[in-house]
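**Q** Please see the structure below; I have some questions.
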Amino acid sequence: MEEQQKLQAYPYYWGFTPEEDYYELQGIRGSKAFFTSPTGIKLFTRSWLPLTSPPRALVFMIHGYGNNISWTFQATPIFLAQMGFACFALDLEGHGESQGLKAYVPKIDHVVEDCLSFFDFIKQNPEFQKLKSFLYGESMGGAISLLSYFADPKGFDGAILVAPMCKISDNLRPRWPIPQILTLLVRFFPTWAIVPTSDLMYKSVKVDEKKVIAEMNPARYRGKPRLGTAVELLRVVDYLNQRLGDVNLPFIVLHGNADVVTDPNVSRELHEKAKSGDKSIRVYEGMMHSLLFGETDENVEIVRSDILSWLDVRCNNARTINID
């Protein structure tokens, strides 16, 4: 109990070390700013860059539903920056420190437009113009990464899809007649937070001590999904399911076979159906939804190593092969 009370006081997921001091200890430099979207919404953004060497490539990162970029999500871009990659991310509308009603995603096309606008802004920096760029998305962020690719097929050199939301698990997807009722209600009450579902964090994170840390995230959305968000996400996953065969960029998809939030079988289907000549898949035995934080440290290192190996090959201009 005393240890848990101490944890509750953490201002950062790593403890009490001030953010800039922590970045310096990790050998990276970080920054944060606000970016105004094409629709005038202020979006909170972060960057994590190598401290002592020019970046090898750009990694544009998109978080999942209800999450944000300032808590445990940071662990992955910090690691990638240590490995020489310049990482950039934004809190999506209605998430974290960005403007918008919390966890309300009425139109995912607008979210995609926000992401592409921010990523294009970064690419215009002369320091980065000759570098390869990769999408990285977790869960809902994986779906948005694919939608970003469809919206800008020539804009990226590849994608890292971590437990992508190409289908909501049947255990979580509302059953008839609930979807039909939601579709009717959303016309009148789109922002109502009444969709029946349990807190996804507890279904995503395996390690109990890490559940405590994840729960401390001050910006994590803890309410029930809003009607408009739920209906829009159901529409998006149905759309993506129909377009798995249209994916034609290099990608690696990573999924735990014990994931009960998004469906690992759809990741297998994506790998099988995609037109990409360069496509890789990793399905991890016994791992859950939060692959890059919620697992044991040993499992997190396995997933990180697979991501890094994939990036290494594609940034060294070596001949690429499928990793099945």
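**Q** Looking only at residues that are surrounded by fewer than 20 Cβ atoms within 10 Å (Cβ to Cβ) and of a type outside the set (V, I, T) in the stretch 58-93, which one is nearest to E113 (Cα to Cα)?
**A** Residues of the stretch 58-93 that are surrounded by fewer than 20 Cβ atoms within 10 Å (Cβ to Cβ), as a first pass: 75, 78, 82-84.
This time we only want the ones that are of a type outside the set (V, I, T), so: 75, 82-84.
On the way: A75: 26, Q82: 29, M83: 29, G84: 28 Å.
Within the stretch 58-93, the match that is nearest to E113 (Cα to Cα) is A75.
**Q** For the stretch 105-147, which residues satisfy the criterion of being under 30 Å from D259 (Cβ atoms) and of a type in the set (K, R)? Break it down into steps so the answer makes sense when it comes.
**A** Within the stretch 105-147, the first condition is being under 30 Å from D259 (Cβ atoms), and the residues that meet it are 105-116, 118-119, 132-147.
Answer for the stretch 105-147, where residues must be under 30 Å from D259 (Cβ atoms) and of a type in the set (K, R): K107, K132.
**Q** Can you pull out every residue in the stretch 128-147 that is surrounded by fewer than 24 Cβ atoms within 10 Å (Cβ to Cβ), touching a residue at least 60 places away in the same chain (Cβ under 8 Å) and not aliphatic (A, V, I, L, M)? Lay out the reasoning, then the answer.
**A** Narrowing the stretch 128-147 to residues surrounded by fewer than 24 Cβ atoms within 10 Å (Cβ to Cβ): 128-133, 147.
Next, only the ones that are touching a residue at least 60 places away in the same chain (Cβ under 8 Å) stay: 128, 131-133, 147.
Across the stretch 128-147, the qualifying residues are F128, K132, S133.
**Q** Inside the stretch 149-170, can you point out the residues that are without any contact (Cβ under 8 Å) to a residue 60 or more places away in the chain and either of a type in the set (K, R) or under 10 Å from F60 (Cβ atoms) (or both)? Give the steps one after another, and end with the answer.
**A** The initial filter retains those residues of the stretch 149-170 that are without any contact (Cβ under 8 Å) to a residue 60 or more places away in the chain, namely 151-152, 154-155.
Result: K154, G155.
**Q** Can T52 be described as out of contact with any helix residue (DSSP H, G or I) (no Cβ under 8 Å at 6 or more places or on another chain) and of a type in the set (V, I, T)?
**A** Values: out of contact with any helix residue (DSSP H, G or I) (no Cβ under 8 Å at 6 or more places or on another chain): yes; of a type in the set (V, I, T): yes.
Yes.
**Q** Hey, can you tell me all the residues within the stretch 10-33 that are at positive phi and touching a residue at least 40 places away in the same chain (Cβ under 8 Å)? Reasoning before the result, please.
**A** Within the stretch 10-33, the subset at positive phi is 15, 27.
Residue satisfying the conditions is G27 alone.
**Q** For the stretch 229-284, how many residues are in a helix (DSSP H, G or I) and among the hydroxyl-bearing types (S, T, Y)?
**A** Step one: list which residues in the stretch 229-284 are in a helix (DSSP H, G or I), which gives 229-242, 244-246, 264-273.
Next, from what is left, pick out any that are among the hydroxyl-bearing types (S, T, Y): 229, 239, 267.
Within the stretch 229-284, residues that are in a helix (DSSP H, G or I) and among the hydroxyl-bearing types (S, T, Y) number 3.
**Q** Next question, about the same structure. Out of curiosity, is F79 over 13 Å from the mean Cα position of the chain (by Cα), closer than 20 Å to I144 by Cα and not polar (S, T, N, Q)?
**A** Numbers: over 13 Å from the mean Cα position of the chain (by Cα): yes; closer than 20 Å to I144 by Cα: no; not polar (S, T, N, Q): yes.
No: the conditions fail for F79.
No value in this document is a laboratory result; all are computed from the given coordinates. Computed from a prediction, not measured in an experiment: that's the story for all the values here. Neighbour counts are summed over all protein chains in view; Cβ atoms, including those assigned to glycine, are modelled from backbone coordinates with ideal geometry.
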